[in-house]
Amino acid sequence: MKICLDTCAYSQFKRGNQTASDLVSKARWVGMPVIVLGELRTGFRSGKYFDRNELELQAFLNNPVVHILDVDEIASSHYSETVAELRLAGTPIPTNDIWVAAIAIREGAVVVTYDGHFKLIHRVATHLLSI
C-alpha cells in the first residue's frame with residue numbers, strides 16, 4: 001500500500017504513537033507532500049527545537065521509501081475538482097488538506113491522518129488513525 005502522510009500523522013509518528021509508527025514502519029512507499037513539509041517547518045519554527053526537528057525530518061526524508069511529492073498540473077486538477085465537490089456539498093475543509101488529498105489522488109496513495117474531515121473527500125482513500 002502506498003501511503004501519503006498528513007502533518008498530524010507524521011507528528012504522531014515522531015511522538016512514538018504505536019499505530020502511526022506501525023503503519024509507517026511497514027510501508028514500502030511513503031509520500032510526503034510539500035504542503036506537509038511546509039506545515040511541519042512552520043511548527044518547527046514556532047517551537048524551541050527547530051534544529052533537532054529539522055534534522056529528524058531530513059533523516060526521515062532520506063529514507064529510500066520516502067518520496068517528496070510536489071504540486072503539479074495533475075494535482076491542481078484534482079484540487080480544483082475536489083474544491084468544487086466540497087463546495088457543492090457545503091462541506092469545506094482546510095485548503096492545505098485539499099492539496100494533500102489532491103496529491104494523494106494523483107499518486108494513488110492512501111492519506112494517513114487523524115483529521116476526520118478527509119473522509120469528506122470521496123475521491124481519496126483515507127486511513128483514519130486515533131490517538
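General observations
- Among (1) among the small types (Gly, Ala, Ser); (2) surrounded by fewer than 18 Cβ atoms within 10 Å (Cβ to Cβ); (3) in contact with a helix residue (DSSP H, G or I) (Cβ under 7 Å, 6 or more places away or on another chain), the one test that residue 102 misses: (2)
- Set 25, 76: member being of a type in the set (S, T, N, Q) and modelled with pLDDT under 95: 25
- Filtered residues of the range 77-95 (kept if in contact (Cβ under 8 Å) with a residue 12 or more places away in the chain and part of a loop (DSSP other than H, G, I, E, B)): 91, 93, 94
The values are calculated or read from the model by the stated rules, or taken from the named source; none is laboratory data. Computed from a prediction, not measured in an experiment: that's the story for all the values here. When we count neighbours, we look across all protein chains shown, and the Cβ atoms used for this are built from the backbone with ideal geometry, even at glycine.
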